[in-house]
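Chemist: Handing you a structure now.
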Ligand code: NAP
């Protein structure tokens, strides 16, 4: 698994999303994914599956320290005290002493960002959380989080795929050495029906889904967390490290977003 280094933190470039996975099916997918070589798992308090994910973490033979585990604080838990108690509960459910990354799931309309960040920093001091970040934040909200935090904000997890541009967040992340973690990287499965992605994939013996994921991770500060409950999908999504999209392929995919190539080119590893 390729690693990205973000502000000194090593993060596997491809992770497993777990939204909508529940119970034993979720645990099975975690175990299969870890067997196949996934080392990055994304969950959230909101998903109601932290316990099922934790069962996978305790049943696997992969050592805990080799797994990069992310969870996210639910929107109603963003007040200082609720952050502390809800994250302690998450750790209990996940059956682990720490998470590698804790995110604010969505910005709150009522709780100021610094209040939440203060509690997250405290959890870092206590060793319960290694790194922190945000999700669904605009550039100005990212700035506010960075100013409030005594520790680096290492990621903003946002929706990003070939049909969804994220230029301003990408540029800000790139300028500030922040990871953009792409959620719904397969556009919830829609990419598989796209002719352009299919045609590009045919040149490499790859599927449209693999092209979409490759397009994301070929960007310097981007990781992707596709969700796959199906074992064939888990395997397919991991099989993207033996080919490289050309500048022409990248241009074609950017055309799906309205042709942003000139400003975007510097953000790609091409
Ligand atoms: P996604 O990863 O874009 O798409 C998942 C769908 O694609 C599932 O139906 C899956 O089917 C299918 N799929 C997976 N691999 C495939 C392949 N190789 N070929 C064809 N179909 C394939 O959507 P997502 O679940 O919305 O996003 C991924 C993760 O991002 C979530 O699970 C969650 O962890 C995170 N997320 C975060 C936020 C946030 O607010 N921070 C919001 C949404 C999502 P099977 O499951 O049947 O394999």
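Each value in this text was obtained by applying a stated rule to the coordinates, not by laboratory testing. Treat the numbers as computed from the prediction; the structure is a model and nothing was measured. Here Cβ is always computed from backbone atoms with ideal geometry, including for glycine, and neighbour counts include all displayed protein chains.
Chemist: With the contact rule set at Cα under 8 Å and sequence spacing of 6 or more, what percent relative contact order holds for segment 1-137?
Modeler: 20
Chemist: Now for a separate question. Obtain the nm distance between the two label points defined at residue 92 and residue 141 by a simple spin-label model: each point lies 7 Å from its Cα along the Cα-to-C-beta direction.
Modeler: 2.9
Chemist: Enter the angle in degrees (range 0 to 90, nearest 10) between the Cα long axis of helix 195-204 and the first principal axis of the Cα atoms of the chain, meaning the one along which they spread out most.
Modeler: It works out to around 80 degrees.
Chemist: Give me log10 I(q)/I(0) at q = 0.15, 0.16 Å⁻¹ for the chain, Debye formula, one equal scatterer per alpha-carbon, no solvent.
Modeler: Debye output, listed in q order: -1.08, -1.22.
Chemist: Could you state the principal axis extents of the C-alpha atoms in segment 36-103, from the largest down, to the nearest angstrom?
Modeler: For segment 36-103, the Cα extents along the three principal axes come out at 37, 19, 17 Å.
Chemist: Would you order 21, 146 from fewest to most other beta-carbon atoms within 10 Å of each residue's own beta-carbon? Kindly include the intermediate steps, with their values, before the conclusion.
Modeler: Details: 21 22, 146 16.
Going from least to most buried by this count: 146, 21.
Chemist: So, one more: Taking a quarter of the surface of the Cα convex hull of segment 12-159, what do you get in nm²?
Modeler: With the hull built on Cα positions only, its mean projection is 8.0 nm².
Chemist: How much length would be gained if the chain were fully extended between residue 82 and residue 202, taking 0.36 nm per residue of separation minus their Cα-Cα distance, in nm to one decimal?
Modeler: Full extension of this stretch gives 38.2 nm more.
Chemist: Could you order peptides 153-159, 232-238 by the average number of other Cβ atoms within 10 Å of their residues, highest first?
Modeler: 153-159, 232-238
Chemist: With 10 angstrom as the radius, rank 72, 227, 164 by how many other C-beta atoms surround their C-beta, starting from the fewest. Intermediate values should be presented prior to the final figure.
Modeler: Values: 72 25, 227 22, 164 14.
With the fewest neighbours first, 72, 227, 164 line up as 164, 227, 72.
Chemist: Within the chain, what percent of beta bridges assigned by DSSP are antiparallel, to the nearest 5?
Modeler: On the way: 6 of 33 bridges.
Bridges in the chain that DSSP calls antiparallel: roughly 20 percent.
Chemist: Normalising by the residue count of segment 82-150, find the relative contact order in percent from Cα pairs under 8 Å and 6+ residues apart.
Modeler: Across segment 82-150, relative contact order equals 39 percent.
Chemist: Further, regarding this structure: So what is the relative contact order of the chain, in percent, for Cα pairs below 8 Å that sit 6 or more residues apart?
Modeler: The value is 17 percent.
Chemist: Set the Förster distance to 51 Å, then compute FRET efficiency between residue 163 and residue 58 from the Cβ-Cβ distance, nearest 0.05.
Modeler: It comes out at approximately 0.85.
Chemist: Something else now. What is the Cα centroid distance between segment 199-213 and segment 79-93, reported in whole angstrom?
Modeler: Each part's Cα centre sits 41 Å from the other's.
Chemist: Cut-off is 10 Å between beta-carbons; in what order do 151, 120 appear when sorted fewest neighbours first? Could you put the intermediate results ahead of the total?
Modeler: Values: 151 15, 120 29.
Arranged by neighbour count, lowest to highest, 151, 120 become 151, 120.
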